[in-house]
């Protein structure tokens, strides 16, 4: 799945975001969006809330990210 809106927005859901590319040489706003999501290194994954703000940061850096619906451990 990609970050370009193929994942339906779930109310109160969470997204697993993985950095697949390097931010080196990217524009400052792209690097800032990646850092704002809590990502520092390639292949690092974080779970973030499915909010409009986070989706905006994901959209900015979509060419560097892999996005998936987060599966809860209790399910």
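The values are calculated or read from the model by the stated rules, or taken from the named source; none is laboratory data. Keep in mind the model is a prediction, meaning the values are calculated, not measured. Every residue, glycine as well, gets a Cβ built from its backbone with ideal geometry; the counts of neighbours run over all protein chains shown.
Given the options 41, 59, name the one that is within 10 Å of the chain's Cα centre (by Cα) and under 15 Å from residue 21 (Cα atoms).
Within the list 41, 59, the selection yields 59.
For the range 12-26, which residues satisfy the criterion of being in a loop (DSSP other than H, G, I, E, B), on the phi < 0 side of the Ramachandran plot and touching a residue at least 24 places away in the same chain (Cβ under 8 Å)?
Answer for the range 12-26, where residues must be in a loop (DSSP other than H, G, I, E, B), on the phi < 0 side of the Ramachandran plot and touching a residue at least 24 places away in the same chain (Cβ under 8 Å): 13, 20, 21, 22, 23, 26.
Restricting attention to the range 1-20, report how many residues are at pLDDT 95 or above and farther than 16 Å from residue 56 by Cα.
Of the residues in that region, 1 qualify.
Return the total of residues in the range 27-69 being part of a loop (DSSP other than H, G, I, E, B) and surrounded by 17 or more Cβ atoms within 10 Å (Cβ to Cβ).
4
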